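The values are calculated or read from the model by the stated rules, or taken from the named source; none is laboratory data. What you are looking at is a predicted structure, and each value in this text was computed from that prediction instead of being measured. Backbone-built Cβ (ideal geometry, glycine too); neighbour counts: all protein chains shown.
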Amino acid sequence: MRRLPARLSLLALFFVTDAMSADPTADIEIYIARHGRTMLNASDRVQGWSDAVLTPQGQRQAISLGRGLAKQGILFNAAYSSDSGRALQTARLLLAHNGQAQLPVRTDWRFREFNFGSYETLANQTLWQDIADQHKMSLAQWLTKVTPKDFADTVAILDQARQQARADTWPAENYAAIQQRLHSGMEQLISHTRQQGGGKVLLVSHGLSINALLDLLLPGQTVATTRLENASITRLRLHNGQYQLLDINDLRYLKAGQLPADTSLPADSIAPPTSKEATQ
């Protein structure tokens, strides 16, 4: 029998040991954070695949969230983020102030916000009114009935007509396309986490996409219309193949680590991180 070189033998042993440590039944707890407040949030503009940096308030939110999680002794085995700068900036600030600055963040485009096509960066009021008009409702009526599916599908229909006159953006996604990418992203997140034996995972994403994810993982539950605040935590547990909702729009960690409004921000918190991250 041919012997492997010592170096390759050790490498093979590492992979065998890692595979043996994987537990397909291990519980996984996912802490899903909405990113901190951005400049487009502050100006009340549509922000999907377009991006804006965190405002000073948004940076404080991310730092406060990290501090609050640290106070509760919450440490993560893995961290994931949308590849949008606002989400990655939130993730890195959170981890830096949770005592886990060296934990790599795996960025994944599949956890992005909805894509709004030609409506990106326009006033939210313009988008909302167009959707209400499409449904022949007043804006006030529509706001009481809107769901993530209706929202995405109506924008996709409206954007098709707008793209004919101005086809210079990615077209808006319908709800099926959004849920397909979220499902794919979540399947890979769970697979990687199980290979590491389960445990707590951080995922930083976006308001509507988090709601769509809840709609996907918790079918039939009326949780997908909750307005999620910046730097809120929505917590899921995967147990015996079933997802359980533990918390939604939870602000207790943010409040527990709250920075005073006049606290000076670290110099390196202003720009989004530029360190090499694991990507999909």
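Residues in the stretch 206-262 that are part of a helix (DSSP H, G or I) and surrounded by fewer than 15 Cβ atoms within 10 Å (Cβ to Cβ): Arg252, Lys255.
Just one of the listed residues (Gly241, Gly257) is assigned by TED's automatic domain parsing to the domain that holds Asn211 and modelled with pLDDT of 95 or more, and it is Gly257. Checked against (1) part of a helix (DSSP H, G or I); (2) surrounded by 15 or more Cβ atoms within 10 Å (Cβ to Cβ); (3) more than 18 Å from the chain's Cα centre (by Cα), Gln141 passes all but condition (2). Looking across the stretch 90-134, just one residue is in contact with a Pro (Cβ under 7 Å, 6 or more places away or on another chain) and over 17 Å from Ser209 (Cα atoms), and that is Arg92.
Within the stretch 68-120, if we keep just the residues that are acidic (Asp, Glu) and touching a strand residue (DSSP E or B) at 6+ places or on another chain (Cβ under 7 Å), the residue that is surrounded by the fewest Cβ atoms within 10 Å (Cβ to Cβ) turns out to be Asp83. Here Ala132 meets each of (1) closer than 23 Å to Ile178 by Cβ; (2) of a type outside the set (Val, Ile, Thr); (3) in the same structural domain as Thr38 (by TED's automatic domain parsing) with one exception, condition (3).
Just checking, which of Thr90, Thr154, Thr107, Thr144 is at pLDDT 95 or above and outside the structural domain of Gly220 (by TED's automatic domain parsing)?
Unique residue meeting the criteria: Thr154.
Can you tell me which residue within the stretch 153-209, out of those that are β-branched (Val, Ile, Thr) and touching a residue at least 60 places away in the same chain (Cβ under 8 Å), is farthest from Leu236 (Cα to Cα)? Among those residues, the one meeting the criterion is Ile178. Give, as residue ranges, the helices (runs of 4 or more DSSP H) completely inside the stretch 22-114 that count at least 1 residues that are touching a residue at least 40 places away in the same chain (Cβ under 8 Å), in contact with a helix residue (DSSP H, G or I) (Cβ under 8 Å, 6 or more places away or on another chain) and small (Gly, Ala, Ser). Per the criteria, 56-71, 85-96.
Scan the stretch 129-152 residue by residue and report those that are of a type in the set (Val, Ile, Thr) and in contact (Cβ under 8 Å) with a residue 60 or more places away in the chain.
Kept after step one, since they are of a type in the set (Val, Ile, Thr), are these residues of the stretch 129-152: 131, 144, 146-147.
Correct list: Val146, Thr147.
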